[in-house]
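The structure under discussion appears below in the form of structure tokens.
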Amino acid sequence: MSQFTGHHILSVSQLDRDAIEKVFAVANMMQPYAKRQKRTTVLDGAILGNLFFEPSTRTRVSFGTAFNLLGGEVRETTGMSSSALAKGESLYDTARVLSGYSDIIAMRHPAAGSVAEFAQGSRVPVINGGDGANEHPTQALLDLFTIERELRYEGKGIDGLHIAMIGDLRYGRTVHSLSRLLCLYKNIHFTLVSPPELAMPTPVIDAIENAGHRLTISTRLEGSLNADICYQTRIQEERFESQAEANRYRGKFRLNQSIYTKHFQSKTVIMHPLPRDSRAEANELDNDLNQNPNLAIFRQTDNGVLVRMALFALTLGVEHLLTRYEKDVIWHSNKSSE
Ligand code: NCD
């Protein structure tokens, strides 16, 4: 994908390394706007249709925030029951209608392949905000952007990275998309830790192996992992047949400071797409890690805004006009950054 303008972003398989570098370069240009040091009104008059048919906090709000920060307006639909899809309307019809009201659409839906189906009826670019257990391309990009930034402080790049992915690798769409993106890089070591029933799907394993990467698969967190990144995930309870089934896996891979010290290096960066399940029976990332400087989860969420701003600018073809429509801010935030 060398040209973003006017294209949907449905899967990470559309991206190559040049495209990723382009997204990251534009994301870096978004820094002063995201920090509200400057304003740009480059998307003044544009409307984002933000359609979330599955629960979401940060993905939905960061898409909206990103669009607002570029000067555009956001129209939002949340939940299946409040939309005409609950009356039997097809994704195609919904897309025909809503693309008439918007200049670009971000969409999340519980069914794998649904966002691509929707895009067929859309007259404007559609960005996949997560389709069931399938893909989450914008999360993968913000995760990779975070990995690159975190490792840069240690003088490392993405090539040669060792990443440990832990938890629900079967239903977790973020690890599917991130693994596929990492297949574009060289000499990656994947350590995949999950219960056997929640193992990474075969097509993703095949992609990792075909890319010639090193793969270690384990059902337990054990030994001293020489990992650069520890990517923890949530048990995706909404994708199980029953709560009871999901409960069988909850709490199996909790991470706290002492478990971290036992299995990871003092520099291992801790990531999680969030939300972390903080209920006592799960406690995926204990609050005692909150003071650990390697906990990157809130840097990830901040980076999400930059990456989504970049994707909007690129798909709407305005990335070269940001400064032309730049303004000074009237309101200054005194909020401290991390
Ligand atoms: C993830 C998702 O929805 O796939 N969250 C997110 O988008 N930040 C992961 C999750 O819900 O566990």
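The values are calculated or read from the model by the stated rules, or taken from the named source; none is laboratory data. All of these numbers come straight from a predicted model, not from anything done at the bench. Cβ atoms come from the backbone with ideal geometry, glycine included; neighbour counts cover every protein chain shown. For the accessible areas, the whole protein counts, side chains as well, though only heavy atoms, and no ligand, DNA or RNA atoms are used. Shrake-Rupley method; radii C 1.70, N 1.55, O 1.52, S 1.80 Å.
Structure data summary
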{"quantity": "Percent of alpha-carbon pairs separated by more than 18 Å within segment 140-229", "calculated": "40"}
{"quantity": "Spherically averaged projected area in nm², based on the convex hull that wraps the Cα atoms of segment 1-107", "calculated": "7.6"}
{"quantity": "Kirkwood-Stokes translational diffusion coefficient of segment 137-298, alpha-carbon pairs, 10 °C, 1.306 mPa s, µm²/s", "calculated": "101"}
{"quantity": "Spacing of the two label points (7 Å from each Cα toward its C-beta) at ARG248 and TYR325, in nm", "calculated": "5.3"}
{"quantity": "Radius, Kirkwood style, for the chain when every pair of distinct Cα atoms is counted (Å)", "calculated": "20.6"}
{"quantity": "Protein-only accessible surface order, largest first, of ARG39, ARG234 at 1.4 Å", "calculated": "ARG39, ARG234"}
{"quantity": "Convex hull volume per residue for segment 226-270, taking Cα atoms only, in Å³", "calculated": "78"}
{"quantity": "Counting DSSP beta bridges with both ends in the chain, the antiparallel % (nearest 5)", "calculated": "10"}
{"quantity": "Tilt relative to the chain, helix 297-315 - C-alpha long axis, 0 to 90 degrees, to 10", "calculated": "40"}
{"quantity": "Mean projected area (nm²) of the alpha-carbon convex hull when segment 281-338 is viewed from all directions", "calculated": "6.9"}
{"quantity": "Using alpha carbons only: equivalent-ellipsoid semi-axes of segment 254-304, gyration tensor based, whole Å", "calculated": "17, 16, 8"}
{"quantity": "Alpha carbon centroid spacing (whole Å) that separates segment 201-238 from segment 96-125", "calculated": "31"}
{"quantity": "Relative contact order [Cα under 8 Å, 6+ residues apart], the chain, whole percent", "calculated": "21"}
{"quantity": "Proximal lysine pairs, the chain, alpha carbons under 18 Å, eight or more residues apart or interchain", "calculated": "7"}
{"quantity": "With every protein chain in place, segment 137-298: carbon and sulfur % of accessible area (1.4 Å)", "calculated": "46"}
{"quantity": "Extension gain, ASN210 back to LYS35 (0.36 nm per residue minus Cα-Cα distance, nm)", "calculated": "58.9 nm"}
